[in-house]
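One structure is given below, encoded as structure tokens.
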Amino acid sequence: MDGDMTGKSVFKTDSKPLKVQKLSRQGSLSLHVADQLEALIVNGSINVGEKLPTENGLCDAFGVSRTVIREAITHLKSLGLVETRRGVGTTVLRSTTVEAMPAERISPTTVEDILHVLELRLNLEPAAAALAAERHDAEDRRILEEKHAAFIAARAAKSQAREEDYGFHYAIAAATKNPFFQVFYEQLSQSVIPRAKLMSIEINTAATGKYLARVEEEHTYVLEAILARDPEAAREMMFQHLNRARTMYAKYQEA
């Protein structure tokens with residue numbers, strides 16, 4: 001792996017070396033990694049059928065941790081750009097994105113409400129996740145794992161998992177040991193979960209399973225970072241989780 005004094009780094013795919021930008025510690029690192037890899041795939045620099053470098057190779061190229069690379073790859077998988085298979089690695093599937101959307105269409109007023117709440121959450125919950133990573137105790141750990149398992153079960157049962165989604169995020173707020181994070185969640189209740197604002201006729205049932213599978217994977221990364229007592233990673237994973245939702249729901253304003 002080669003680097004230079006401009007902050008650029010080079011990694012090699014199956015066919016050619018490619019330059020990427022090494023990252024600073026500002027903003028969402030996994031989002032920056034995903035954006036660069038997505039651009040390389042979409043513009044054809046990495047061809048369909050080619051494999052991405054290993055996790056270690058990408059860590060070296062971008063100057064980030066394996067956690068950041070894993071979350072970036074998860075983002076690319078959710079867009080339908082790549083697939084990861086044990087013993088094979090991560091392979092590019094297509095050069096155009098395909099993202100599961102939870103609804104066919106959403107009323108403009110509802111979209112505006114969802115985006116306002118997500119904006120608020122983006123300014124609070126990454127900090128809450130970081131505090132939970134630092135402060136959680138054994139009981140918090142038990143509850144967090146229980147709530148995550150409940151979400152997984154609800155998704156497997158093909159429900160919208162709204163209550164379970166809320167329960168997971170509320171458990172994180174409780175683990176901060178700051179009662180005002182809990183008050184925030186209690187006041188907004190399940191309305192903090194975007195799907196809770198959707199009418200049944202708006203829901204895209206065919207895409208719901210894929211959409212919730214991504215939410216589950218994102219929750220897993222948030223939980224792992226919290227339980228590992230890694231506040232930086234917890235903050236990053238939560239930011240990526242909520243920012244992805246904000247970006248997706250903003251697309252309904254363009255429809």
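The values are calculated or read from the model by the stated rules, or taken from the named source; none is laboratory data. Predicted model only: the values in this text are computed from it and were never measured. Neighbour counts are summed over all protein chains in view; Cβ atoms, including those assigned to glycine, are modelled from backbone coordinates with ideal geometry. The protein model used for the area step is the full one, side chains on, heavy atoms only, and it has no ligands, DNA or RNA in it. Shrake-Rupley method; radii C 1.70, N 1.55, O 1.52, S 1.80 Å.
Of all the criteria given as (1) open to solvent by 50 Å² or more (accessible area, probe 1.4 Å); (2) within 21 Å of the chain's Cα centre (by Cα); (3) at pLDDT below 80, the one not satisfied by Ile201 is (2).
When you check Thr90 against the structure, is it touching a residue at least 12 places away in the same chain (Cβ under 8 Å), out of contact with any helix residue (DSSP H, G or I) (no Cβ under 9 Å at 6 or more places or on another chain) and closer than 20 Å to Tyr221 by Cβ, yes or no? So Thr90 does not fit the description; no. Filter region 119-159 for residues that are more than 17 Å from Arg235 (Cβ to Cβ), out of contact with any helix residue (DSSP H, G or I) (no Cβ under 7 Å at 6 or more places or on another chain) and without any contact (Cβ under 8 Å) to a residue 40 or more places away in the chain and give the result. Hits for region 119-159 are Asp137, Ala138, Glu139, Arg142, Glu146, Ala149, Ala153, Ala156, Ala157, Ser159. Residues that are within 19 Å of Tyr249 (Cα to Cα) and in a helix (DSSP H, G or I) do not occur anywhere in region 48-58.
Residue by residue through region 218-237, note down the ones that are among the charged types (D, E, K, R) and either surrounded by 24 or more Cβ atoms within 10 Å (Cβ to Cβ) or part of a helix (DSSP H, G or I) (or both). Before you say what the answer is, go through the steps one by one.
Start the filter on region 218-237 by keeping residues that are among the charged types (D, E, K, R), which leaves 218, 224, 229-230, 232, 235-236.
Scanning region 218-237 gives Glu218, Glu224, Glu232, Arg235, Glu236.
The single condition among (1) of a type outside the set (A, V, I, L, M); (2) open to solvent by 50 Å² or more (accessible area, probe 1.4 Å); (3) at pLDDT 85 or above that Gln190 does not satisfy is (3). For Asp113, the conditions (1) under 20 Å from the mean Cα position of the chain (by Cα); (2) more than 25 Å from Ala228 (Cβ to Cβ) all hold with the exception of (1).
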